[in-house]
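To start, the structure under review is shown below, and the notes come after it.
The values are calculated or read from the model by the stated rules, or taken from the named source; none is laboratory data. Note that the structure is a prediction, hence the values are computed from the model and not measured. Reconstructed Cβ throughout: ideal geometry from the backbone, glycine too, with neighbour counts over all protein chains shown. Only protein heavy atoms, including side chains, enter the accessible area calculation; ligands, DNA and RNA are left aside. Shrake-Rupley method; radii C 1.70, N 1.55, O 1.52, S 1.80 Å.
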Amino acid sequence: MKSKQIKLTGTSYALLALLDRFGELTSYEIKDALVASVENFWPVPHTTAYQEPARLASGGYLSSRQEKGGRRRRRYALTDAGRKALREWADEPQAAPPQLRDELLLKIFAGADPAPLLDARLDFYRAKVSELEAYLEL
């Protein structure tokens, strides 16, 4: 099957890395794996978990196969081309500057009292640390 040339984005590389780490996954499993890992530092719209794998497969970076029985879901896996593209990208010695989108900071910029916002944020971070520690125990 001939691959079409597609542009790889940060989110493309996030999905390639996810499949490199977890192996063959369905789109639904990709969405769940994103929530448990990548989305902690790289937000990905849930619809992307369903659209991007097919796009990456059309470019030859992923293989896809439909299950023969059951719900006949499509399963995606990293190809050699996908693994090569991921390694080349990861090995580049530079990265784009970080992007920060934080409603707490926007509210403070707009004049909000930071104290109650920071208390709530601290609770969020404590819960996030517990969540991530649980993943490490798996």
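Each other residue within a Cβ distance under 14 Å of Tyr135 adds +1 if Lys or Arg and -1 if Asp or Glu, for a net charge of -3. With each label modelled as a point 7 angstrom along the Cα→C-beta vector, the Lys128-Arg87 pair spans 3.3 nm.
Multiply the residue separation of Arg71 and Glu24 by 0.36 nm, subtract the distance between their alpha-carbon atoms, and state the gained length in nm to one decimal.
Going from the current span to full extension adds 15.3 nm.
Computed over neighbours whose Cβ is under 15 Å from that of Phe41, the net charge equals 0, Lys and Arg +1, Asp and Glu -1.
Applied to region 42-51, the Karplus parametrisation 6.51 cos²θ - 1.76 cosθ + 1.60 on θ = phi - 60° returns per-residue 3J(HN,Hα) values of 9, x, 10, x, 4, 5, 5, 5, 9, 8 Hz, with x for Gly and Pro. Ranked by the mean number of other Cβ atoms within 10 Å of their residues, highest first, the peptides 88-94, 26-32 come out as 26-32, 88-94. Among the protein heavy atoms of the chain, carbon and sulfur supply 56% of the accessible surface, probe 1.4 Å, non-protein parts ignored.
Given a 1.4 Å probe, how much area per residue of the chain is accessible, in Å²?
Per residue, the chain has an accessible area of 72 Å².
Remark on region 1-93: ratio of C-alpha radius of gyration to 2.2 N^0.38 Å is 1.03. May I ask you to list the trypsin sites (Lys or Arg not before Pro) in region 61-138 that are in a DSSP loop and have at most 16 other Cβ atoms within 10 Å of their Cβ? The qualifying sites are Lys68, Arg71, Arg72, Arg73, Arg101. For Leu18, the shell of other residues with beta-carbons less than 13 Å away shows a net charge of -3, using +1 for Lys and Arg and -1 for Asp and Glu.
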